[in-house]
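Presented below is the structure to which this report refers.
The values are calculated or read from the model by the stated rules, or taken from the named source; none is laboratory data. Please read these numbers as outputs of a predicted model, since none were measured by experiment. Methodologically, a virtual Cβ is constructed for each residue, glycine included, from the backbone with ideal geometry; neighbour enumeration extends over all protein chains shown.
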Amino acid sequence: MKIELKKGPTFKMPTHCLSLARDDEDHFFASCFDGGIYALPGSRWKKLEKLAQHQNYASGVNWSTATRRLISAGYDGRLLWIDPEHKKTERKVNAHDFWSWQSAISPDGTRVASSTGQYLCGGYKYEPAPQKEPSVKVFDTQTGKQTHAFEHVPPVESVAFSKDGNFLAAGNLMGEVRIWNLPANREVARIETGSFTGWGIIKGHYFTGGIFALAFSPDGSEIFLAGMGSTRDPAAGNGKQLWERWQWRDGEVKKVDHANDGEIGQGLMETLSIHPNGKIFAMAGRLFKGQWNTAIFNLETGSRLAQADTKMRVSKAVWNEDGSRLYLGGSSGQPKGRKDLEKPEWGRVKVLEVEIS
């Protein structure tokens, strides 16, 4: 298999784009640092359109096929149900007392999950304190009512549904992934890896990093983890560009593959997305040192097939419907102070054209 990446269109955003979503008609939506939820220019919206507003960073945006509504999440702890056609927020749910780190929608659009949790030291070893509220919650998209609440060790930075919607996974700062069977309402597997968590000894003594992205394999038997390899200076973002693949079903939890040292550089990987054909996946993030911040890997063998340095920090990667385009949300240049944050249009959504042969 050969992959060729070409530059597609670029959309300027008011601030850093934290998340992206695609609806049933291949329209794309973004959530940003300024709390805004936006529709990207395309066949329906001719220019960037603001649809809704959170009271803090808008950390996630999801499309529900069941309700034909956007459901966004934010650092205000809220979930918003948005009618994009009329730019109307129809429902607000106070999901968490703290931030929503990440949210995800079930494939059938009937459930939305959100993770939360603040890193507070729980002892002299700086281990995280126990949760103050359920770290993972699931809501019915039709009614907005909570259907599940699960315990985890905060902060819980990533969450993902299996393709059949029956399983939910969540990963935290300490490299622990818990997987629940939703119909049975119980935990069925737990993964523990020290690969993604850093202990700072240069600029401060604290844990940082964690599992920033999760994705189930198409058949649901394995799960992919993404983040940054351990580093002595976690704040610098100079650990490995790392992904791992784990088998978790049938009572046997084991790591079966990981990023090849010869194919990666250094940096924080924030997003991982499996292609619609189920044969390749993309991983992207922030580059510290190396040749790429976005790469395509063979799902079966783990080998890198293509790479690109998009000259931006990428927080979310989403494929279009047929997998011919990869949308990357983030920003060009990282602000160093308040004045930089106030500069207009420093956020970016860049598109890569993907040719598979």
Output for the range 86-111, where each listed residue is in a strand (DSSP E or B) and either over 16 Å from N62 (Cβ atoms) or polar (S, T, N, Q) (or both): K88, T89, N94, Q102, S103
The range 155-178 - residue that is over 15 Å from S103 (Cα atoms) and not small (G, A, S) and, of those, surrounded by the most Cβ atoms within 10 Å (Cβ to Cβ): V177
For the range 8-19, does any single residue satisfy the condition of being of a type in the set (K, R), within 30 Å of S303 (Cβ to Cβ) and in contact (Cβ under 8 Å) with a residue 24 or more places away in the chain? no
Name the one entry in E192, E187 that is out of contact with any Asp or Glu (no Cβ under 6 Å at 6 or more places or on another chain) and of a type in the set (D, E, K, R). E187
Quick one: in the range 1-41, which of the residues that are of a type in the set (G, A, S) and in contact with a Phe, Trp or Tyr (Cβ under 7 Å, 6 or more places away or on another chain) is surrounded by the fewest Cβ atoms within 10 Å (Cβ to Cβ)? G35
Can you tell me which residue is surrounded by the fewest Cβ atoms within 10 Å (Cβ to Cβ) among those in the range 103-127 that are of a type in the set (F, W, Y) and over 21 Å from G77 (Cβ atoms)? Y124
What number of residues in the range 236-278 are surrounded by fewer than 16 Cβ atoms within 10 Å (Cβ to Cβ), more than 24 Å from S19 (Cβ to Cβ) and within 20 Å of the chain's Cα centre (by Cα)? 0
Working carefully through the options R91, R68, R78, find the one that is at positive phi and of a type outside the set (D, E). R68
Looking only at the range 70-85, which residues are in a loop (DSSP other than H, G, I, E, B) and in contact (Cβ under 8 Å) with a residue 12 or more places away in the chain? Y75, D76, G77, P84
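For the range 303-346, which positions are touching a Pro at 6+ places or on another chain (Cβ under 8 Å) and modelled with pLDDT under 95?
L341, K343, P344, E345, W346
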